[in-house]
1. Of the residues that sit in segment 179-221 and are β-branched (Val, Ile, Thr) and modelled with pLDDT under 75, which one is nearest to residue 161 (Cα to Cα)?
2. Return the total of residues in segment 35-50 being surrounded by 13 or more Cβ atoms within 10 Å (Cβ to Cβ), closer than 20 Å to residue 21 by Cα and either under 20 Å from the mean Cα position of the chain (by Cα) or in contact (Cβ under 8 Å) with a residue 40 or more places away in the chain (or both).
3. Within segment 83-97, restricting attention to residues that are in a loop (DSSP other than H, G, I, E, B) and surrounded by fewer than 18 Cβ atoms within 10 Å (Cβ to Cβ), which residue is modelled with the lowest pLDDT?
4. Looking at (1) small (Gly, Ala, Ser); (2) in contact with a helix residue (DSSP H, G or I) (Cβ under 8 Å, 6 or more places away or on another chain); (3) closer than 24 Å to residue 155 by Cα; (4) at pLDDT below 90, which is the one condition that is false for residue 1?
5. Go through segment 26-40 and report how many residues are assigned to a helix (DSSP H, G or I) and farther than 17 Å from residue 107 by Cα.
6. Among the residues of segment 98-118, is there at least one that is at pLDDT 80 or above and farther than 30 Å from residue 36 by Cα?
7. List the residue pairs whose Cβ atoms are under 7 Å apart, where the first residue sits in segment 185-208 and is farther than 16 Å from residue 159 by Cβ, the second is acidic (Asp, Glu) and modelled with pLDDT of 70 or more, and the two are 6 or more positions apart or on different chains.
8. Go through 23, 15, 52 for me and flag whichever is closer than 20 Å to residue 114 by Cβ and in a helix (DSSP H, G or I).
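The values are calculated or read from the model by the stated rules, or taken from the named source; none is laboratory data. Just so it is clear, the structure is predicted and the values come from calculations on it, not from any experiment. Don't worry about glycine lacking a Cβ; one is built from the backbone with ideal geometry, like all the others, and counts go over all protein chains shown.
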Amino acid sequence: GVMCVGVNFFGYLLVSVSVGNMVLISIDRYVAICEPMFYSTRVTVRRVQLCVCLCWTFSAVHSSWILRHSFKQPETENSCSGECVSLPTYTEGIVDLAVTFLGPILIIIILYLRVFVVAVSQARAMRSHVTAVTHQQTQTVKPKKSEMKAARTLGVVVAVFLLCSAPYYISNFETLSNLDTLSTLLFGLLLLYLNSCVNPMIYAFFYPWFRKAIRHIVTLQILQPGSSQTRFM
């Protein structure tokens, strides 16, 4: 019914937004590490806000397109024994695979290869014998250690995303031709949703300031006057 369509819509929406955020973060890390001199001028608050809004808008449009038939006829949803599953057509499955999996992963991998090349070249430069003037010049454009750590953290997030997403997309195409694999699709869908829950844990594991911020929110200290002045770094 309508409730089932709503659940599926928000499921597609949140997964798409999660993937979009990973792409935006990878672009941010690419600029910070490969072009640190231009970071402050290219990555501004207004541009970040615009990109986040576009990410949510595009995700909403994509989710609506995938479920357009369900919106027109919500009573046709495949619901059985408490299950609420919307099976996309072959074309919709291909588009969803390209938009929320293959495309983003390809972009992230390309950016990461570029970051890796820059990191290796900088490591070689540090080991080489350079003049004091050259050393001083390279110091101004060398990315901070924290930037490299942020890139490594994103790498872990992407690896976990691949592990959690691959089963869903594989079982999705199998289900289109064999409804007996519906339980496998549900398991893959559960892993896909679980990925969004795991990401904050990964950041919490790598960053002490993130753990402090979460504790600040959970203990409701964020509601106290002057909480915006709290320093976590």
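1. By that ranking, first place goes to 202.
2. Selection size over segment 35-50: 1.
3. First, the residues of segment 83-97 that are in a loop (DSSP other than H, G, I, E, B): 86-89.
Filter once more, so that each one left must be surrounded by fewer than 18 Cβ atoms within 10 Å (Cβ to Cβ): 87, 89.
Values: 87: 68, 89: 76.
This residue is 87.
4. With (1) small (Gly, Ala, Ser); (2) in contact with a helix residue (DSSP H, G or I) (Cβ under 8 Å, 6 or more places away or on another chain); (3) closer than 24 Å to residue 155 by Cα; (4) at pLDDT below 90 applied to residue 1, the lone miss is (3).
5. Initial filter on segment 26-40 (assigned to a helix (DSSP H, G or I)): 26-34, 36-40.
Filter once more, so that each one left must be farther than 17 Å from residue 107 by Cα: 36-40.
Count: 5.
6. Within segment 98-118, one or more residues are at pLDDT 80 or above and farther than 30 Å from residue 36 by Cα.
7. Partner pairs satisfying both residue conditions: none exist.
8. Working: 15 fails: closer than 20 Å to residue 114 by Cβ; 52 fails: closer than 20 Å to residue 114 by Cβ.
When all the criteria are applied, what remains is 23.
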